[in-house]
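Trainee: First the structure, which I've put down as structure tokens, then a few questions once you've had a look.
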């Protein structure tokens, strides 16, 4: 890349085109001071407005702007011009996980486990920021030069809000959960877990568990939840897959349970041992930063090491901290990047979560909702059906004396046996009652 002839955007010299998307090109670029390579998405404003995809672009940028995780693609900065938006991200050289699987066929359990551990770590981080990806598939999982996972393409992602269910049917049909293709309301994490199950199956088997050229037939297979598990997989691996690909989201395994599963725990790297966001982190704690990289940045600029260290500790977004992370992403041995040190402290995490939510709230105007269903014209039978289904699965009971169809009382009765020294049995019971009140709204038509 020649700096003399390249077009310059901010501190970056643009190079060759890496790909062409719906809104513009993706170009290779180099930072003029530190010389590190980056990928720049050139998004044309006219095309974005014509396709009415402004919400999608803004949402993806606002989400990635505050994400710092080894297995999520890093967004360094965004440069705006009257005609284009330049999104500067990591330059990933290893291609897509999809191509990796196609070239090699099914992978070993050892290699599949390594990829899966990294994917789950990244998704857990997203969920703790109340972000659901909704489009997880091997095409959106990139590989760096050391074959480490980088989760990308957050265009279909959304923010989970208390009291609101998501209902948009999106993502690739082959990787979509049954509740998504059925148009049912969902919270968010459970649909990402299903997609992770499909990806794990593809890694281990080289094929998809549910596949058909006909979309209606494909949807029928997904809803049935019937698939073949190859004989060559270990019992613990089969057990995990069976818990991931559960059609009922209430019974589907959670990220916490995945982390505790014996198959997942095998050879789990030290930097992935714990949850990426640790609430026990003291807000006054000074995180560890690479002194040699700070020295390198100081030598290339007129600013001192102490000033740069202060900017990093404050999690400031400026050209100095961007240079630091650009160099670190390229020179730091991967297994030395501890997630705890890759994230801001807990105080800043709470601040960032609030900022992300505020940014998304500007796009997603809150609507009236009933049991998380954002539709005032929703049939009452649909809501009650979901309540009935949940109660049956949880094996709870209804109060038969409910006053009307809009007021439901659900009872959960737990019973324990306890023996005293005289070996007499005592039955201790605890009853939990949950009242669900549904309101009919008065609709005025002008």
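Trainee: Rounded to the nearest 0.05, what FRET efficiency do residue 17 and residue 314 have when you use their Cβ-Cβ distance and R0 = 35 Å? Don't jump to the answer; show the numbers that get you there.
Mentor: Details: r = 37 Å, r/R0 = 1.04.
Calculated value: 0.45.
Trainee: Given axes a ≥ b ≥ c from the Cα gyration tensor, I'd like to know whether segment 39-194 is rounded (a/c under 1.5), prolate (a/b larger than b/c) or oblate.
Mentor: oblate
Trainee: Would you please state which residues of segment 181-197 a label at residue 220 would reach in this model, taking the label point 7 Å out along Cα→Cβ and a backbone N cut-off of under 19 Å?
Mentor: Those under the cut-off are 181-183.
Trainee: If you count, for each residue, the other Cβ atoms within 10 Å and average over each peptide, how do 193-201, 209-217 line up from highest to lowest?
Mentor: Put in order of decreasing packing, that is 193-201, 209-217.
Trainee: What shape does segment 8-91 have by the C-alpha gyration tensor, where a ≥ b ≥ c are the square roots of the eigenvalues, rounded means a/c under 1.5, and otherwise prolate means a/b greater than b/c and oblate the rest?
Mentor: Numbers: a/c = 1.84, a/b = 1.24, b/c = 1.48.
Judged from the Cα gyration tensor, segment 8-91 comes out oblate (a/c at least 1.5, b/c at or above a/b).
Trainee: Could you tell me which of rounded, prolate or oblate describes segment 97-272, using a ≥ b ≥ c as the square roots of the eigenvalues of the alpha-carbon gyration tensor, with rounded for a/c under 1.5 and, failing that, prolate when a/b is larger than b/c and oblate otherwise?
Mentor: Details: a/c = 1.41, a/b = 1.16, b/c = 1.21.
In terms of gyration-tensor shape, rounded.
Trainee: While we're on this one: So, in nm, how far is label residue 229 from label residue 393 when the simple model puts each one 7 Å beyond its Cα toward the Cβ?
Mentor: The answer from the label model is 2.0 nm.
Trainee: Contour minus end-to-end for residue 49 and residue 385, with contour as 0.36 nm per residue of separation and end-to-end as the Cα-Cα distance?
Mentor: Values: separation 336, 0.36 × 336 = 120.96 nm, distance 4.01 nm.
Taking residue 49 through residue 385 to full extension adds about 117.0 nm, to one decimal.
Trainee: Taking the Cα of residue 25, stepping 7 Å toward and past its beta carbon, and measuring to each backbone N in segment 41-70: which are under 19 Å?
Mentor: Flagged as within label range: 41-48.
Trainee: Also, quick follow-up: Kindly rank 305-311, 223-229 from highest to lowest mean number of other beta carbons found within 10 Å of each residue.
Mentor: 305-311, 223-229
Trainee: Can you tell me the order of 117-127, 54-64, 158-168, 135-145 when each peptide is scored by its average per-residue count of other Cβ atoms within 10 angstrom, highest first?
Mentor: Going by the mean number of other Cβ atoms within 10 Å, highest first, we get 117-127, 135-145, 54-64, 158-168.
Trainee: In nm, what is the difference between 0.36 nm times the number of residues separating residue 260 and residue 289 and their Cα-Cα distance?
Mentor: Contour length minus the Cα-Cα distance gives 7.4 nm.
Only the coordinates and a few stated rules stand behind these numbers; no lab work does. Quick caveat: nothing in here was measured; it's all calculated off a predicted structure. FYI the Cβ positions are ideal-geometry reconstructions off the backbone, even for glycines, and counts take in every protein chain you see.
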